[in-house]
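Have a look at the structure below before the remarks.
Just so it is clear, none of the values below were taken in a lab; they were calculated from the coordinates. Computed from a predicted structure; not experimentally measured. Methodologically, a virtual Cβ is constructed for each residue, glycine included, from the backbone with ideal geometry; neighbour enumeration extends over all protein chains shown.
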Amino acid sequence: MAATFSLTGNNQLQIEPSGKKLRLVITNGPHELACRMETSANIKCFLASEETQLFKGRLQLHKHGGAILVKLKGEEYGVINANAFLSSL
């Protein structure tokens, strides 16, 4: 089951199953800007832990309180409610 979250502008974060992992993709219309593969268990551990950042590189997720900040190449692309994000996994 895929989930889509609206970000700034025409950008979206899509979470799609891909085998045993999840594929997190930032898109702008039909164009993929960045993609990251991760297991659902690792993402859930990140959400439950004291860690504030998941992933290094182009696509990054930063946790602050009850929100997940989505960054692409160091630039903020949007904020997602952490509970909504967790429910989509």
Review point. Using a simple spin-label model with points 7 Å from Cα along the Cα→Cβ vector, what separation in nm is obtained for A3 and L89?
Key: 0.9
Exercise for review: Round to a whole angstrom and tell me the spacing of the C-alpha centers of segment 56-80 and segment 4-22.
Suggested key: 13
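Past 22 Å, Cα to Cα: identify those pairs from K21/K44; K20/K63; K20/K71, in the order given.
Working: K21/K44 12 Å; K20/K63 24 Å; K20/K71 24 Å.
Going by Cα-Cα distance, K20/K63; K20/K71 fall outside the 22 Å limit.
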Check your understanding: Dipole magnitude of the chain about its Cα centre, charges +1 at Lys/Arg Cβ and -1 at Asp/Glu Cβ only, in debye to the nearest 20?
Key -> 220
Exercise for review: Using only Cα positions of the chain, each an equal point scatterer, no hydration layer, compute I(q)/I(0) via Debye at q = 0.11, 0.12 Å⁻¹ and quote the log10 values to two decimals.
Suggested key: -0.25, -0.30
Review point. Karplus couplings for segment 32-45 from phi (6.51 cos²θ - 1.76 cosθ + 1.60, θ = phi - 60°), rounded to Hz, Gly and Pro as x?
Key: 8, 9, 7, 9, 9, 9, 7, 7, 4, 4, 5, 5, 5, 4
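Counting other Cβ atoms within 10 Å of each Cβ, which GluC sites (Glu not before Pro) in segment 47-89 have at most 13 and sit in a DSSP loop? Provide the component values of the computation, followed by the final result.
Details: sites: E50, E51, E75, E76; in loops: E50, E51.
Filter output for segment 47-89: E50, E51.
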